[in-house]
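Notes for the one structure printed next.
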Amino acid sequence: MPDKIEIQNLSRSYSKKGGKSERFYALKDFSLTVRQGEFVTIVGPSGCGKSTLLDLLIGLAKPDEGRVLIDGKPIGGPSLDRGIVLQGYALFPWRTVRGNIEFGLEVKGIPKASRREMSDYYIKLVDLVGFENHYPYELSGGMQQRTAIARILAYDPAILMMDEPFAAVDAQTREVMQDELLSIWEKTGKTVIFVTHSIEEAVGLADRVAVMSRSPGQVKEIVDINLPRPRRVGTIRNTPEFVALFHRVWELLRNAEQSGGKDDGGIAGVSGRIHPAAVI
């Protein structure tokens, strides 16, 4: 498969509080290549720059050094070729499920009749038939997250980025959502970058797991996940192959926690400032 994303020697720093010239590096010489249609998960210690990395990939921030290439071209800012799903859903409370899903289609100028047909497809894809006219406050957390995923998929970005998307839901819902995401990915062939703190989730979903070091964040090691597909997390997590991969990633993370620089206390770049194109 051809390379879809090339992250080359990426560095991103911030001014330390009270210091005009002193800088804190969230990322330093970070490099990673993601192939077309690949599902890559990223795990690392708290404050290692995972969310900062997504800010740079979505185009909300610019690196101090290095660059990000999409299909061989440098990114210049947010674009509809990249979509992001956040932990907090980021739905419009005044819009129904259908209205939220159709928002990106409206931005693209898709005619109303076509929007309706496309939203019907994605409502069915994420199993929300019967809830089309419900508002976010009328939905469970899992249903809100399915709406957020459908909204991203509806305007058809080539790359789907996810930042702890299932962290706020209960364990049972999380497992259901993981399996639904795998099913959607298998049907759509999207390139996915998925940030998580859960080793089980990282191993269960991915083609490869990128394990990051402590700050400044770098790729410590990439672990190939040679588990068969189609795959469901709940049915593979007790297999010897899964357990071995889980412990491999766990050992890498434990070593990352015990070495490296000073923890930054969870600096996440500019994640609080979300460009509309990033969350459509």
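The values are calculated or read from the model by the stated rules, or taken from the named source; none is laboratory data. Just so it is clear, the model here is predicted, and its values are computed rather than measured. Because the Cβ atoms are built from the backbone with ideal geometry, glycine has one as well, and the counts that use them run over all protein chains shown.
Under the condition of being buried (at least 17 other Cβ atoms within 10 Å of the Cβ) and of a type in the set (Asp, Glu), the residues counted in the stretch 47-76 number 1. Among the residues of the stretch 184-206, those that are in a loop (DSSP other than H, G, I, E, B) and under 23 Å from residue 4 (Cα atoms) comprise 189, 190, 196, 206. The residue list 259, 213, 271 contains one member that is under 17 Å from the mean Cα position of the chain (by Cα) and either at pLDDT below 90 or among the small types (Gly, Ala, Ser) (or both), which is 271. One residue stands out among those in the stretch 6-28 that are modelled with pLDDT of 85 or more and of a type in the set (Lys, Arg): the one that is farthest from residue 52 (Cα to Cα), which is 28. Residues that are part of a loop (DSSP other than H, G, I, E, B), of a type outside the set (Phe, Trp, Tyr) and either without any contact (Cβ under 8 Å) to a residue 12 or more places away in the chain or touching a helix residue (DSSP H, G or I) at 6+ places or on another chain (Cβ under 9 Å) (or both) within the stretch 158-183 comprise 164, 165, 167, 168, 169, 170, listed in sequence order. Screening the stretch 184-202 for residues that are among the hydrophobic types (A, V, I, L, M, F, W, C) and touching a residue at least 60 places away in the same chain (Cβ under 8 Å) and picking the one that is farthest from residue 49 (Cα to Cα) gives 185. Pick out the one residue from 60, 53, 69 that is within 21 Å of residue 202 (Cα to Cα) and out of contact with any Ser or Thr (no Cβ under 6 Å at 6 or more places or on another chain). One residue alone meets the criteria, 53. For the stretch 218-225, the count of residues that are in contact (Cβ under 8 Å) with a residue 40 or more places away in the chain, part of a loop (DSSP other than H, G, I, E, B) and closer than 22 Å to residue 150 by Cβ is zero. Among the residues of the stretch 93-138, the ones that are among the polar types (S, T, N, Q) and either farther than 17 Å from residue 153 by Cβ or more than 23 Å from the chain's Cα centre (by Cα) (or both) come to 3 in all. Here the condition is being surrounded by fewer than 20 Cβ atoms within 10 Å (Cβ to Cβ), touching a residue at least 40 places away in the same chain (Cβ under 8 Å), outside any strand (DSSP E or B) and within 19 Å of the chain's Cα centre (by Cα); of 31, 79, it holds for 79 alone.
Just one of the listed residues (280, 225) is surrounded by 18 or more Cβ atoms within 10 Å (Cβ to Cβ) and at pLDDT below 85, namely 280. Residues in the stretch 146-158 that are crowded, with 21+ Cβ neighbours inside 10 Å and either over 16 Å from residue 103 (Cβ atoms) or hydrophobic (A, V, I, L, M, F, W, C) (or both): 148, 149, 150, 152, 153, 154.
Residues in the stretch 90-136 that are under 20 Å from residue 173 (Cα atoms) and in contact with a Pro (Cβ under 6 Å, 6 or more places away or on another chain) were compared, and the one that is surrounded by the fewest Cβ atoms within 10 Å (Cβ to Cβ) is 136.
Take residue 120 and decide whether it is among the charged types (D, E, K, R), farther than 27 Å from residue 7 by Cβ, at pLDDT below 90 and out of contact with any strand residue (DSSP E or B) (no Cβ under 7 Å at 6 or more places or on another chain). So residue 120 does not fit the description; no. Of all residues in the stretch 92-142, those satisfying the criterion of being within 19 Å of residue 176 (Cβ to Cβ) and not in a helix (DSSP H, G or I) are 126, 127, 128, 129, 130, 131, 134, 139, 140.
Against the numbered list (1) at pLDDT 90 or above; (2) more than 26 Å from residue 3 (Cα to Cα); (3) not β-branched (Val, Ile, Thr), residue 230 comes up short only at (2).
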